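First comes the structure, then the notes that go with it.
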Amino acid sequence: MQFERFFQSNLEGLREAGNYRVFADLARQRGQFPAATRYREDGTEQDVTVWCSNDYLGMGQNKIVVDAMKDAIDRCGAGAGGTRNISGTNHYHVLLERELADLHGKEAALIFTSGYVSNWAALGTLLAKIPGIIVYSDALNHASMIEGIRHSKCERRIFKHNDPEHLRELMAADDPAAPKLVAFESVYSMDGDIAPIEAICDVADAFGAMTYLDEVHAVGMYGPRGGGVAEREGLMDRLTVIEGTLGKAFGVMGGYITGSAALCDFVRSFASGFIFTTALPPALAAGAAASIKHLKASELERRRHKDAVAKVRATLDRHGIPHMANPSHIVPVMVGNAAKCKWISDVLIDSYGIYVQPINYPTVPVGTERLRITPTPLHTDGDIARLSQALNDLWSQCALARQVA
């Protein structure tokens, strides 16, 4: 087999379809977020404004977080020294897990190197180890959840997205004695819609099922202390497992689960994705703990963020730029064509200094290609005006349909 020819032909197919991913070479500027420096292939540099970061609240640039990380490096050095199984648990890991358990009102927490790993390891372990368990997974669950479920090789059912009644039908058709787990998300990152958590918990309770809620796009963002949508709606006690990330609104890196002490200890003891993985560096754990502690006490970032989202939507409406309505902080600007979506993204950064990554298939279905805009509390009114004007210009050049108010 001509391996290189195979690789090149498949890559060329992605380019022709407009689905080839190009990563912008960026350096964030400390204290200046959402400003960044772009390094072009010709060796020149360009100032850009980032509009698609998952650092939703700008906490990755927050002085409290940065100072905590510097202090931890001064105290402990750079790395964790290996896995927690071999090198021991750094005290910053212990402090972070305490903060997370408190955030979600759970007995315990367990941290991982990413949100992807926490989903894969936790779901894969729970579902593989509990005899005869059946998992019920929302149709739009994240790839990390799907991979964990596949890895477990347990019986699985897929219920229609955010549809508790379909979930009920599926559960009713299965053996009442079989152990069950319902896995779903709170905020779905591509459409920005929010799950009916209470209704799903009602169905799960009726069949004696465990519930596993992915809050990665909600932690830090919702609830009086940033505990997520489940906290905002007073439902944290009804979730068996709440999973989250440290790499989005908390601004650092890592993933975690929270739950009962026995459940977290079970995953710690049996999950290969935890046992055999190098632990988070102490500085990352310290920064994450500082970020969580700050956002538990401060509503300022969430309030300013909500205002920024409203302003972005209002300016897009004034120009007739179509964006998907949803109750969350994510603003999907709908293009509906992969090539045009990629072209708009390229022109935005090259000509306007605005960075928004195109979202094409397979991340979203063909025909729903979009620009996923994520406003932050640090975007100014001037930033918002420049974004909306640039999109207005390019919408006309592409002859794309406008949204009628």
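The values are calculated or read from the model by the stated rules, or taken from the named source; none is laboratory data. Model, not experiment: these values are computed from the prediction. Note that we place each Cβ from the backbone using ideal geometry, even for glycine, and neighbour counts take in every protein chain shown. Quick note on the areas: whole protein, heavy atoms, side chains included, nothing else; ligands and nucleic acids left out. Shrake-Rupley method; radii C 1.70, N 1.55, O 1.52, S 1.80 Å.
Taking a point 7 angstrom from the Cα of R150 along the C-beta vector, which residues in the stretch 102-119 have backbone N less than 20 Å away? Zone members listed by number: 114-119. When Kirkwood radius over Cα pairs in Å is calculated for this entry, the matching label among [x] 22.4; [y] 23.6; [z] 20.6 is [x]. Taking every C-alpha pair closer than 8 Å and separated by at least 6 residues, the mean separation divided by the residue count of the stretch 294-360 gives a relative contact order of 18 percent. Between the Cα long axis of helix 282-297 and the first principal axis of the chain there is an angle of about 80°, rounded to the nearest 10. 3J(HN,Hα) along the stretch 138-148, derived from phi through the Karplus expression 6.51 cos²θ - 1.76 cosθ + 1.60 where θ = phi - 60°, amounts to 4, 4, 10, 4, 5, 4, 5, 5, 4, 5, x Hz, with x in place of Gly and Pro.
Could you order S186, S396 by accessible surface area, starting with the largest, using a probe radius of 1.4 Å? Please report the intermediate quantities before stating the final value.
Details: S186 0, S396 75 Å².
Listed by decreasing accessible area, they come as S396, S186.
How far, in degrees from 0 to 90, does helix 381-397 lean away from the longest principal axis of the Cα atoms of the chain, to the nearest 10? The answer is roughly 70 degrees.
So for the chain, averaging the separation of alpha carbon pairs under 8 Å that are six or more residues apart and normalising by length, what relative contact order in percent results? In percent, rounded to a whole number, it is 21.
Among the GluC sites (Glu not before Pro) found in the stretch 41-110, those both in a DSSP coil and sparsely packed, with 15 or fewer other Cβ atoms within 10 Å of their Cβ, are E41, E107. According to the square roots a ≥ b ≥ c of the eigenvalues of the Cα gyration tensor, what is the shape class of the stretch 219-274, taking rounded for a/c under 1.5, prolate for a/b larger than b/c otherwise, and oblate for the remainder? Taking the square roots of the gyration eigenvalues as a ≥ b ≥ c, the stretch 219-274 is oblate.
Which shape class applies to the stretch 51-175: rounded if a/c is under 1.5, otherwise prolate when a/b exceeds b/c and oblate if not, where a ≥ b ≥ c are the square roots of the Cα gyration tensor eigenvalues? Prolate, since a/c reaches 1.5 and a/b exceeds b/c. When the stretch 60-136 is described by a simple charge dipole with +1 on each Lys and Arg Cβ and -1 on each Asp and Glu Cβ, the residue from L100, L123, I134 located farthest towards its positive end is I134. Taking a quarter of the surface of the Cα convex hull of the stretch 280-405 gives a mean projected area of 9.6 nm². Among beta bridges from DSSP that stay inside the chain, the antiparallel ones total about 55%.
Please list C76, C398 from largest to smallest accessible area, probe radius 1.4 Å, with all protein chains kept in place.
Of C76, C398, the descending order of accessible area is C76, C398.
For the chain, the solvent-accessible area works out to 44 Å² per residue, with a probe of 1.4 Å and every protein chain left in place. Full extension of the chain between L300 and N392 gives 30.0 nm of extra length, using 0.36 nm per residue less the Cα-Cα distance. Given their separation in residues at 0.36 nm each and the Cα-Cα distance between them, R30 and D174 gain 46.5 nm when the chain is fully extended.
Between D71 and D346, the FRET efficiency from the beta-carbon distance, with R0 = 41 Å, is close to 0.50. Helical runs assigned H by DSSP (4 residues or longer) give the chain a calculated mean residue ellipticity at 222 nm of -13500 deg cm²/dmol, each run adding -39500 (n - 2.57) before division by the residue total.
Loop-located trypsin sites (Lys or Arg not before Pro) in the stretch 145-174 (DSSP state not H, G, I, E or B) with no more than 11 neighbouring Cβ atoms inside 10 Å: K153.
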